[in-house]
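The values are calculated or read from the model by the stated rules, or taken from the named source; none is laboratory data. As the structure is a prediction and not an experimental result, all values here were calculated from the model. Methodologically, a virtual Cβ is constructed for each residue, glycine included, from the backbone with ideal geometry; neighbour enumeration extends over all protein chains shown. Heavy atoms of the whole protein, side chains included, go into the accessibility calculation; ligands, DNA and RNA do not. Shrake-Rupley method; radii C 1.70, N 1.55, O 1.52, S 1.80 Å.
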Amino acid sequence: MISFYGTSDRGEGMCVFLFLKIKQRTNTEQNIYMPSPKRKSTRYECSLSACVTGWERVRVRFMHRLLRTCVLVACLAVALTASAEAFRDTPRHEYGPQVEVLRERGIVRGYPDGRFRPDHTITRAEFLKILTLAVTGGAEEGPGEEVCFTDFRGPPQWYWGIACRAKERGIISGYADGTFRGGKPVTTAEALKMSVRGWQLPLPISVEPPRHWYDPYYVVAEKQGVFVAIPHYAGHLLTRGETAALFVALGGNIASVSLPAGSSPSLSESSLSPVAPEAKGDESSASSPRIRCPDGRVTSGACEGYKDPVARGVIRIEQVSSGSGETTVGGDNMPLVAFDIVAGNQDALLTSLTFRRIRGDLGATNRFRLVLPDGNRNRELDLVLGDGVVQGDTLLFRDLSVRLAQGMPQRMEVRADVRPVNTEGVLAIGFATDLPDYVQAHGTVDHRDITGIQTNGAPCTVVCRITVTTAPERSLTVRSLGSLFVTQNAQTVPSRQILLGTRSDPLLRLTFRAAAEDVLVTSLQIGGGTESISALELTRDGGTQPFAIARVSQCSPLLSGVFCALASDGILRVPRDQEIVVIIRALLKADTEGGRSGDTVSLTLTSATDGPAVLARGASSQKTLAQNNGDTVNDGEVFIGLAVPGGNIPVVGPVHDAVAAKILSVSKNSVDADGASVPAGMATVGQFRFAAAAHRNTSQGTKRVALTKLVFTVSAVNVSFLSDSFVLYNTADSSRQAACQESSTTGQILVTCSNLGTGAVPFTIDPGGSIDVALRGQLTAGSTGTRLLQATLGNVGDRANPGTIEWEDGVYPFQWVDIGESQVRGTLYRN
C-alpha cells in the first residue's frame, strides 16, 4: 500500500512514480505521507495487491506497463471516494476520537463551516436519527407510517418517520401521555435506553423490580465502562460529543453509511445540526445549504460571530431513607439526614442549605455540621463542609463553598453532637421545603444562580433547575448513657481435668448485660491462666464457633497467665436490656509444646479499675464506658461481678487441673444383671471398666493412666465376708491379684485397694484404651431374710473430696477423676 497527501492535479502521476521507485529498490510495499503545507491536501492510497501476483515470472518491461495501469486506476478510484477531513473543532476535543469514528462511517457530517459543535445539547429526535444510522446504516430508511405519537400533528416533521420505525422496532415507546417530544433535549437515561434497545444488548435478569426505570440500562452501561466517558447523572442533558462517546463506549456494532452518488460530505449538513423549518434535518443541499443559527439567524454559511452557549447548571438531590437510630446523652457525630447530590450541564457551587425541625428540640444538640462521609465509614476521617446555625426551628448552613462536579454524585450527611446534659427524647429534621430557596447554588462556568426548586415532582410555577426528592426522616432516639454488667453465670461449671494438647470443656461461664443502650465490648482481660494454655476461646452459649480468641500476646503490658481479646470495632455486641452468656474454653499445649501436667487453672476477672478486666463503649453514643466508681448510680459504667450498681466483686472461676493423660469414663461392666442372686463362696462382688482418653502427649514416653488406689463401698445386707478375703484384679489376667483391706465384714464395708501401681498386677491404661477390674471376696453364711449385695465407687468426681480413685498420668498424681459422674454402682445382687 502506498499513501501520500497531495493536490488532485498531480496526484495520479506522483502515485505512479513513487510506487515504481520503491518497488524497484526494496521489492516491498510501503506507506508514504507527503502533506502539503500550503495547499489543501487529499490522501491518496495506491494498492497493487491484485495486480502484481506472479510478477517475477513476467518480463520486466511488460510488468512495468501493467504496474502503471493498475496504479493509475487505483489512485483515480481513491481520489474520487476520499473522505473529508476531520471537523475543525474536534481534533483537540476530549470526544474528538469518538466523533471521528462516527464521521468516518458517515453517521455524522458536520456543519458547512467545517465544525461539529460537540458541546451543543442534542434533542431526542436528533439522537434517534443518529442512533438509527449507527445501528442500521440507513438500511431501514424509506416510506412508512409517520403519525404514531399524539404530538405528531400539523405540518410533517423530518423525524416522524424515523420515530415511527424506531417505535415498531421497540427502540422507543414515548411518554405515558402518548407523545414523543422530539424537540426536547435527550437525557443520559433516555439515551441509554434507546441505545441498549437499538443494539439489542442483553439486559440483566432480576426478580425484584428496579428502583428506577433506567436501572437495568445503567447496569449494561456500567459493565461497558460508559460512565468513564460521559456523566453518570440520569437527568444530565446529553451533548453531541457525549453522544459519540456513548456509542463508541457502549460497544455496539456501529454501521457505515454509504453517501449518495455525487454528494460531497464536506458540504453537507450534520444530521444533528439545528434545522430550518423547511429542511428535513438529515437531508442536505450541496448547492445552497441553509441552517438556522442558535441565535435565530438563518444563513447559507457559517454562524459567524456566534459563541457556543453554556447550558445552565442543574442540581438533583435525593434524600436517603436511613430509618431510625439511637444515641445517648453526650453522643458525638450522630447522623440526622443523608442525601445524594449531583450537578448537571456544568460544575456547580453549593452555597446554602436550610433544614427544618420535625420533632424534638434542636437545642438538645450542638455543633451541627455538613460532612462528606469517609468511604471506609471512619467518622474521624469525614470531611466537614460547613457548620450549621440554629434559628428557632430552622437549621441553616450558610456561606458554603462546596464544589459539585458535573455528573459525579456525592453522599452528604448532616451530623450533630448530643449535649451531655440532655434528657431522653427523639430528634428529627428534614429539608425546609416550605421555603422557596432552601437549596442555593450557582454554576461555576456561567456563574449564574441555579434557581427554582421542584420538590417531590410537584409542578413548578417557574423554571426549576433544582430537583429534590425527600424520604421519610431519620428519627434519632436519645437515651441515657449505657452501662455494662459482667457476672459469673448462675449455671456454673464444675472443676475439670483438662488434657494437654486438646480443646478443653468449658472453664468459665460469664453473663454480659447492657443497660440504656447496646454496648460493644472492645477488650476482655482474663487472668488465672497458665503457660500450658496457648489461647482462650470465647463462644456464645449455644454457638459452635468462637467469636473471639484471647491470647497473652494481645495484652499490654504482657502478664503471666493473663489473656486478652480486643477489637476496636468490638469483640461482642450486647443488646440493650438483654443478656449474653459467654463460654470460655482453653486451647492447651501438648507436653511436647511446653504443656505441664499438674498446672492448676482458675480463670478470673479482676475487680480492679486500674488495668480493668473489661473495656466497652456505647454502640449508639460511641462513648467509652467509665470504670465503676463504686457508687450505686448507673452512670455509663462497667460493673464487674455485679448485677446492680455497687462496688466491683472479682469473678473467680472453679479450679481445674492440667493432665497429660486422662480417665475418660468409669462404668459398670459385669456379666450379671441387676437382680441376680447373691453369689456364694469366693465370688466377684463388682466389675468396672476404666477407659482413657486418646492424646498426643509423648514427651519422655507416651503418657498412660496408672491406677494407684481404689476405695469401694460394699453394701452387704444379711451377707458376710471372710476377713481379709477381698482382692482386686485385671480381668485380662485373673491369676495376678492385689490384696485389699476391709473396714468390716458385713453392713457398709469400705474396701481399700492400695499400692496398685507397685505390685505385679497391671493396672495401666493406654491412650484411647480401657481395662476391666474386678473386686472379689469370700462370702460366708449370712443372716436370714432378704439378702442384698452391691459394690460402689463413690465421690469419684469431687475435687474437693478426693481419695475414692487415685491415679497418675506418668508425671503427676491425682486423687479424683473428671467423668461427669459422682458415683458408679456395680451390679445389685438380691435374693
Modelled label-to-label distance, Leu722 and Ala676, 7 Å Cα→beta-carbon offset: nm? 2.1
Students often check this: by mean Cβ neighbours within 10 Å, which of 620-630, 357-367 ranks highest, and how do the rest follow? 620-630, 357-367
With every protein chain left in place, what is the accessible area of Lys129 in Å² (1.4 Å probe, nearest 10)? 10
Would you grab the residues whose amide H sits under 5 Å from the one on Thr502? Only those 5+ places off in sequence or on another chain, please, with H modelled 1.01 Å from N. Leu588
Pulled fully out, how much extra length does the chain show between Thr136 and Leu558, if you take 0.36 nm times their separation in residues and subtract their Cα-Cα distance? 144.4 nm
Can you give the extra length, in nm with one decimal, that the chain gains between Ala405 and Val390 once fully stretched, where that is 0.36 nm per residue apart less the Cα-Cα distance? 2.5 nm
Each residue of the stretch 104-112 in order: what ³J(HN,Hα) in whole Hz does its phi give by Karplus 6.51 cos²θ - 1.76 cosθ + 1.60, θ = phi - 60°, with x for Gly and Pro? 5, 9, x, 6, 10, 10, x, 8, x
Farthest toward positive dipole pole in the stretch 420-534 [+1 Lys/Arg, -1 Asp/Glu at C-beta], among Gly430, Val519, Thr444: Val519
Keeping all protein chains in the complex and leaving out DNA, RNA and ligands, what accessible area do you get for Met408 with a 1.4 Å probe, in Å² to the nearest 10? 110
Once Lys and Arg are counted +1 and Asp and Glu -1 for all other residues with Cβ under 12 Å from that of Ser602, the total becomes 0
Assigning unit charges at the beta carbon (Lys, Arg +1; Asp, Glu -1) and nothing else, what dipole magnitude in debye, to the nearest 20, does the stretch 385-461 show about its Cα centre? 220
How large is ³J(HN,Hα), in whole Hz, for each residue of the stretch 501-509 in order, when computed from phi with the Karplus curve 6.51 cos²θ - 1.76 cosθ + 1.60 and θ = phi - 60°, using x for Gly and Pro? x, 9, 8, 6, 6, x, 9, 7, 10
For the stretch 647-756, whose charge dipole is built from +1 on Lys and Arg Cβ atoms and -1 on Asp and Glu Cβ atoms, the candidate among Ala658, Ser754, Ala732 with its Cα farthest towards the positive end is Ala658
Given a 1.4 Å probe, how much area per residue of the stretch 90-159 is accessible, in Å²? 44
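Using a probe of 1.4 angstrom, how much of the accessible area of the stretch 718-821 is carbon and sulfur, in percent?
Values: 2070 of 4750 Å².
Carbon and sulfur: 44 percent of the exposed surface of the stretch 718-821.
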Would you please give the residues with an amide H less than 5 Å from that of Ile107, counting only those at least 5 places away or on a separate chain, with H modeled from the backbone geometry? Val257
Too long for a 20 Å Cα-Cα cut-off, among Lys668/Lys703; Lys589/Lys709; Lys129/Lys223; Lys129/Lys193; Lys167/Lys223, are Lys668/Lys703; Lys589/Lys709; Lys129/Lys223; Lys167/Lys223
Quick calc: nm separation of the 7 Å Cα→Cβ label points for Thr702 and Asp631 -> 6.6
Rounded to 0.05, the calculated FRET efficiency for the beta carbons of Asp215 and Asp340 at R₀ = 22 Å is 0.90
Return the sequence-ordered ³J(HN,Hα) values of the stretch 725-740 in whole Hz as given by the Karplus equation 6.51 cos²θ - 1.76 cosθ + 1.60 applied to θ = phi - 60°, using x for Gly and Pro. 9, 6, 9, 10, 8, 8, 5, 5, 8, 6, 6, 10, 10, 10, 6, 10
Could you please report the charge total around Thr804, scoring K, R as +1 and D, E as -1 over all other residues with beta-carbon less than 14 angstrom from its beta-carbon? -1
Compare Asp733, Asp610 by solvent-accessible area with a 1.4 Å probe and give them largest first, with all protein chains kept in place. Asp610, Asp733
Under a 5 Å amide H to amide H cut-off, with H placed in plane at 1.01 Å, what residues pair with Ile649 once short-range neighbours are removed? Ile640, Gly641, Leu642
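Pop the C-beta distance of Val147 and Ser322 into the FRET formula with R0 = 45 Å and round what comes out to the nearest 0.05. Don't jump to the answer; show the numbers that get you there.
Details: r = 49 Å, r/R0 = 1.09.
Computed FRET efficiency for Val147 and Ser322 comes out at 0.40.
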Leaving ligands, DNA and RNA out of it, work out the accessible area of Met682 with a 1.4 Å probe and give it in Å² to the nearest 10. 80
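May I ask for the net charge around Ala535, where only other residues with Cβ less than 11 Å from the Cβ of Ala535 are counted and Lys, Arg are +1 while Asp, Glu are -1?
In short, +3.
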Need one number: nm distance between label points at Ala732 and Tyr175, each 7 Å from Cα along Cα→Cβ, rounded to one decimal. 9.6
Theoretical FRET efficiency, 1/(1+(r/R0)^6), r = Cβ-Cβ of Thr469 and Thr592, R0 60 Å, to 0.05: 0.35
